[in-house]
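First comes the structure, then the notes that go with it.
Nothing in this text is a laboratory measurement; each read-out follows from the coordinates by a stated rule. Keep in mind it's a predicted model, so treat the numbers as computed, not measured. Every residue, glycine among them, receives a Cβ derived from its backbone with ideal geometry; neighbour counts consider all protein chains shown.
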Amino acid sequence: MSLIELSGIEKSYRMGDNVVRALRGASLSVERGEMVAIMGASGSGKSTMLNVIGTLDRPDGGSYVLDGEAVESYDEVQLSELRNRKIGFVFQSFHLVPRDNALENVELPMVYAGERASVRKKRAAEALARVGLADRMDHLPTQLSGGQQQRVSIARALVNDPVLLLADEPTGALDSATTGQVMELFTELHAQ
Ligand code: ADP
C-alpha cells in the first residue's frame, strides 16, 4: 500500500464568470520513505496539489487515500485529527506563534494531541536538538534568524512523528546559503 494514492483529482476555482481548473485529473502515488519534489511554473497548481495532499482543501472529484485512510469520507473534525497525527507541515513563512519561545512552539502539536506537559517538554527538546537548535530553546521567533525559525517549524512538524512531512516552498523566504542548510537538513531527516 502506497503512503499517498491520489487518483483523478479535480479542483477548480470560480472567479466571477471564469472557472480556473487548477487540477485536471491529477494522479500521484508516493511510497513510504520517498522524498518527492513537485516542480512547475507559477500557477501550474503545485500549492493546490499540496493543499489537497495535506487535507487542507477538498478536491471536487477523484479519490485520495493517505496511509490507508480514505480521507474524502472524513468530516472536518476527523480531518484535523488526522492532520495532527499523520502530517507535519512546513510553510514558506514559518507560521510560528510570536509570543511563544522555540520550545513552546514545538510543543503546540502535542498540546492539540492531548499530551502531558512533561512528555511535551521532553519530546520538543529532542526535536529541537535534532534540527541543531538545542541551545536556542528559550528564544522567541524574533530572536532567531530566518533559517533558525524554519528549523523550529521543521522540529514542530516532526514532533508528533508524522508519516508525511509536507513543505510548500520551505526555502522561499531564505537566502541562498540558508536555503542550502535547510535542504541539507531535509535530506538528513529523510535519510533517518
Ligand atoms: P502554483 O502553486 O503552482 O503557483 P496554485 O496552485 O497556487 O499554483 O494555483 C493554480 C491556479 O489556480 C492558478 O491559476 C491560480 O490563479 C488559481 N488559484 C489558486 N488558488 C485560487 C483561489 N483561492 N481562488 C481562485 N483561483 C485560485
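In table form, for the structure just shown:
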item: Near pairs, Cβ below 6 angstrom, 6+ apart or cross-chain, from the range 169-191 (free of Cβ contacts under 8 Å to residues at least 40 places away in the same chain) to any residue that is outside any helix (DSSP H, G or I); result: T179/T171; V182/T171
item: Single unsatisfied condition, L50 versus (1) within 9 Å of the ligand (Cβ to nearest atom); (2) surrounded by fewer than 11 Cβ atoms within 10 Å (Cβ to Cβ); (3) within 15 Å of the chain's Cα centre (by Cα); result: (2)
item: Count of residues meeting criterion [surrounded by fewer than 20 Cβ atoms within 10 Å (Cβ to Cβ) and assigned to a helix (DSSP H, G or I)] in the range 105-122; result: 8
item: Those residues of the range 21-44 which are without any contact (Cβ under 8 Å) to a residue 24 or more places away in the chain and either of a type outside the set (G, A, S) or near the ligand (Cβ under 9 Å from one of its atoms) (or both), in sequence order; result: R21, R24, V36, I38, M39, G40, A41, S42, G43, S44
item: Odd one out for H95, checked against (1) in a loop (DSSP other than H, G, I, E, B); (2) within 16 Å of the ligand (Cβ to nearest atom); (3) in contact with a helix residue (DSSP H, G or I) (Cβ under 9 Å, 6 or more places away or on another chain); (4) not basic (K, R); result: (2)
item: Qualifying residue in the range 67-90 (condition: within 16 Å of the ligand (Cβ to nearest atom), in contact (Cβ under 8 Å) with a residue 40 or more places away in the chain and either in a helix (DSSP H, G or I) or within 22 Å of V163 (Cβ to Cβ) (or both)); result: yes
